[in-house]
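All of the numbers you see were taken from the coordinates with simple rules; none came from a lab. Everything numeric in this text was worked out from a predicted model, so none of it was measured. With ideal geometry, Cβ positions are generated from the backbone for all residues, glycine too; neighbour counts draw on all protein chains shown.
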Amino acid sequence: MVIDFQKLAPRESYPWLINAINPRPIAWVSTISAAGKTNLAPFSFFQGICASPPTLMFTGANDRTGKMKDSVVNVEQVPEFVVNIVPYALREPMNLTSAPLPHGESEFEHFNIATAPSTLVKPPRVAASPVSFECKLDRIVRIGEGPLAGNVVFGTILCAHVDESVVTGGALDPRKLDTIGRMGGDYYTRTTELFTIKRPT
Ligand SMILES: Cc1cc2nc3c(=O)[nH]c(=O)nc-3n(C[C@H](O)[C@H](O)[C@H](O)COP(=O)(O)O)c2cc1C
């Protein structure tokens with residue numbers, strides 16, 4: 001079976017992407033508008049990019065009408081954001097914040113999600129997140145245009161807030177972090193079943 005992406009409408013190609021490219025990590029992104037309104041939303045087109053300079057990215061896709069996500073609009077206005085990591089315990093509030101609230105309405109306030117102040121950037125952190133990366137905008141790369149086109153937001157990591165409860169011997173412990181991954185449709189996966197493989201020398 002061969003799926004010809006050149007003949008697929010954008011909405012038809014999307015399920016093939018998310019059902020095959022998984023599990024995807026989830027960036028729970030806090031931003032702030034020029035008017036000072038906070039915003040919080042999850043993005044699973046998300047990755048670390050490189051360590052020098054320490055860089056990560058997430059993609060805010062335009063919606064079906066071609067409108068940009070509030071997170072991208074905010075980062076254009078105030079070029080800073082925080083990526084909060086999502087453990088299993090925060091799966092429900094994370095999901096709630098994917099609701100399309102009107103621009104300027106804060107998911108933090110609407111869903112009663114506690115904030116903690118950031119150190120180097122204006123957007124607050126999610127207080128209950130075990131790891132939060134404070135980032136300054138590096139660049140936004142536009143892929144395509146119109147409905148479902150991508151706005152790839154690259155950020156330089158300035159600092160990370162790490163809860164001691166997920167650290168063992170000075171390092172982040174994946175057994176304690178309990179992150180979740182996004183699969184296709186409404187499916188998620190949990191990282192409780194870990195295995196190791198030794199790298200070839
Ligand atoms: C787990 C999860 C992952 C998501 N990943 C993305 C993504 O990578 N890109 C995207 O544009 N929307 C993604 N969404 C949908 C956005 O969270 C949703 O459109 C949200 O309303 C955007 O908020 P904003 O307009 O306040 O930025 C995801 C939703 C969930 C629940």
Exercise. Charges only on Cβ, +1 for Lys and Arg, -1 for Asp and Glu: so what's the dipole of region 1-121 about the Cα centre, in debye to the nearest 20?
Worked result: 260
Seminar exercise, completed: Where a ≥ b ≥ c are root eigenvalues of the Cα gyration tensor, a/c under 1.5 meaning rounded, otherwise prolate if a/b exceeds b/c and oblate otherwise, region 127-185 counts as oblate
Problem set entry | Residues 81, 5, 133 arranged by fewest to most Cβ contacts within 10 Å | 5, 133, 81
For this session: Give me the lysines in straight-line cross-link reach of residue 67: C-alpha distance below 22 Å, same-chain residues under 8 apart excluded.
Result: 37
For this session: Could you check which residue among 129, 13, 44 shows the biggest mean-square fluctuation in a GNM of the chain with a 10 Å Cα cutoff?
Result: 13
For this session: Using 0.36 nm per residue of separation minus the Cα-Cα distance, give me the extension gain between residue 190 and residue 67 in nm, one decimal.
Result: 41.1 nm
Exercise. Dividing the alpha-carbon radius of gyration of region 24-183 by 2.2 N^0.38 Å (N being the number of residues), what value is obtained?
Worked result: 0.98
Exercise. Based on the Cβ-Cβ distance of residue 173 and residue 21, what FRET efficiency does E = 1/(1 + (r/R0)^6) give at R0 = 22 Å, to the nearest 0.05?
Worked result: 0.25
Exercise. How high is the FRET efficiency from residue 55 to residue 163, r the C-beta distance, R0 25 Å, rounded to 0.05?
Worked result: 0.60
Exercise. Using 0.36 nm per residue, how much length does the chain from residue 1 to residue 143 gain when fully extended, once their Cα-Cα distance is taken away?
Worked result: 48.4 nm
Exercise. Could you give the length gained on full extension between residue 91 and residue 11, defined as 0.36 nm per residue of separation minus the Cα-Cα distance, in nm?
Worked result: 26.2 nm
Exercise. Along the charge dipole of the chain, which of 60, 40, 77 sits closest to the positive end, that is, farthest toward it, with unit charges on the beta carbon of Lys, Arg, Asp and Glu (+1, +1, -1, -1)?
Worked result: 60
Problem set entry | Whole-angstrom gap from region 107-151 to region 7-44, using each part's C-alpha centre | 12
For this session: Work from the charge dipole of region 24-183 (Cβ charges, +1 for Lys and Arg, -1 for Asp and Glu, about the Cα centre) and give the residue of 104, 123, 140 farthest towards its positive end.
Result: 140
